[in-house]
Amino acid sequence: MKGFEDNIDVLSSLQRPKKIVIRGSDGQLYPFLCKSQDDLRVDSRCLDFCHLFNKCLKKNSETRRRQLNIRTYAVYPINERCGLIEWLPNLCTFRSLVTKFYRQRSSNFSEVSNREIKVYGNSKDKTKETRYNVSYI
């Protein structure tokens, strides 16, 4: 590991996780999501299950032919209150998928759901993310 990139992205979800980028000794950039106030050991166990499920999918000829699998990522619990999650580019949030699904199936979903989702997510018209420039001492 050579160091960290200077920019940190703060996401606007409830826990306000931070996206950091580590520069490896090989010159590659490795983005991670830093989460606090969350026990990532549970996430790690869920991903263990996903790895097991992927093995089952590979054993079945039909699912292997269709190349079905669950996209997994690395989870590094630091302690019971925080940890790092590998950042995978070009992924959709579960919320965006559910919202899209319901909008396709209901004509009045957008009128009700946006209000309900904002209340549930405690959104206050924040921007999607806030950028910070961090300087090191």
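Worth a mention:
- In the range 29-39 there is no residue that is of a type in the set (G, A, S) and modelled with pLDDT of 90 or more.
- Qualifying residue in the range 85-98 (condition: out of contact with any Lys or Arg (no Cβ under 9 Å at 6 or more places or on another chain), over 19 Å from M1 (Cα atoms) and surrounded by 12 or more Cβ atoms within 10 Å (Cβ to Cβ)): yes
- Residue match in the range 32-44 (condition: of a type in the set (V, I, T) and in a loop (DSSP other than H, G, I, E, B)): no
- V98, sole failed condition from (1) of a type in the set (V, I, T); (2) assigned to a helix (DSSP H, G or I); (3) farther than 19 Å from S13 by Cβ: (3)
- Whichever residue in the range 60-84 is assigned to a strand (DSSP E or B) and of a type outside the set (A, V, I, L, M, F, W, C) and, among such residues, is surrounded by the fewest Cβ atoms within 10 Å (Cβ to Cβ): N79
- C56, sole failed condition from (1) modelled with pLDDT of 90 or more; (2) touching a strand residue (DSSP E or B) at 6+ places or on another chain (Cβ under 8 Å): (2)
- In the condition set (1) more than 23 Å from the chain's Cα centre (by Cα); (2) modelled with pLDDT under 75, K118 is compliant with all but (1).
- The test for being surrounded by 15 or more Cβ atoms within 10 Å (Cβ to Cβ) and farther than 30 Å from D9 by Cβ holds for L57.
The values are calculated or read from the model by the stated rules, or taken from the named source; none is laboratory data. Quick caveat: nothing in here was measured; it's all calculated off a predicted structure. With ideal geometry, Cβ positions are generated from the backbone for all residues, glycine too; neighbour counts draw on all protein chains shown.
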